[in-house]
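The values are calculated or read from the model by the stated rules, or taken from the named source; none is laboratory data. This is a predicted model, so every value here is computed, not measured. Cβ: placed from backbone, ideal geometry, glycine included. Neighbour counts: every protein chain shown. We work out accessible area using only protein heavy atoms, side chains counted, and drop any ligands, DNA or RNA first. Shrake-Rupley method; radii C 1.70, N 1.55, O 1.52, S 1.80 Å.
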Amino acid sequence: MDHILLQFYTVGQSRVANGRRAAAVKPWQLVVFDMAQPVVTEAEAVCATNIMLPRALLAEHGATIEGLHGQSLDYGGTPVRRLFHTFLSGLAACAGGLSAHEAHHLARSAAHLCSACFQPEEGAARAADQLTGIAIRRFIEAELGSEALDAQAILARFGLSRSKLYRLFEAEGGVAAYIRERRLLRAMRLLTAPGGTPRVSSVAYATGFSSQSAFSRAFSRRFGVLPRETGLGEALSGMGREAQPPLFSWMKTLAA
């Protein structure tokens, strides 16, 4: 799922590792999960309020929080994050009585509040960088199928210096790493989409790889299996429309 999950802890602790760093999560802290990235969590009994939002919906409101994947952040002492947690707690309490129409509008309200929690610090330069980063990410998504998509193409399109482009994508390991990750995640979605499994070569070229062999090597390094071994398309095709991820979900959980 191309979603972002936020967990607001109220009881218990856990340790989260995303492959690059590890973080402890305690009560009055939240943890961010990019559901398209790997993560390992070790938890005791935990009570948390969770919300899952589509990445595209957050992007509409200026929130780009992939770089926070696996990190813990305080929310008890931050007014806007404390407000968001209060909103989610109330939402969870009355969720069972909401209509689909009401839930749709509340999802967008939740996205607005979520983006307010992850805005850059005040200052024109930081705000400009935020807008530029959003524009570049949208450009990347639109051009993922093009072999010509690389750092040089972005520099020419947006008139940036290499140092600034790297700074904008430093949390993701650089723009080249970000492009490769987005290509591979799109490839995984194509290979596991309901309705049958497409040809590996078609997926490779549709996601901007120069050859099927280069695609297979990159895919295997990222996911631990070859593209032809995914084999999930047919399995998912029988799940039905009701099994698709909703616009957003909320819950109170008690996990051991």
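Highest mean first, how do 81-92, 18-29 rank when packing is the count of other Cβ atoms within 10 Å averaged over residues?
Working: 81-92: 17.4, 18-29: 14.4.
With the highest mean Cβ count within 10 Å placed first, the list reads 81-92, 18-29.
Got a sec to turn the phi values of the stretch 142-155 into Karplus ³J(HN,Hα) couplings, 6.51 cos²θ - 1.76 cosθ + 1.60 with θ = phi - 60°, whole Hz, x for Gly and Pro?
Here the 3J(HN,Hα) series is 6, 10, 4, x, 9, 5, 7, 6, 7, 4, 5, 5, 5, 4 Hz.
For the stretch 1-80, what is the accessible area per residue in Å² when the probe is 1.4 Å?
Values: 3270 Å² over 80 residues.
Here the per-residue accessible area is 41 Å².
Based on the Cα coordinates of the stretch 95-229, what is the per residue volume of their convex hull in Å³? Don't skip to the answer; put the middle values down first.
On the way: hull volume 22.3 nm³, N = 135.
So the per-residue hull volume is 165 Å³.
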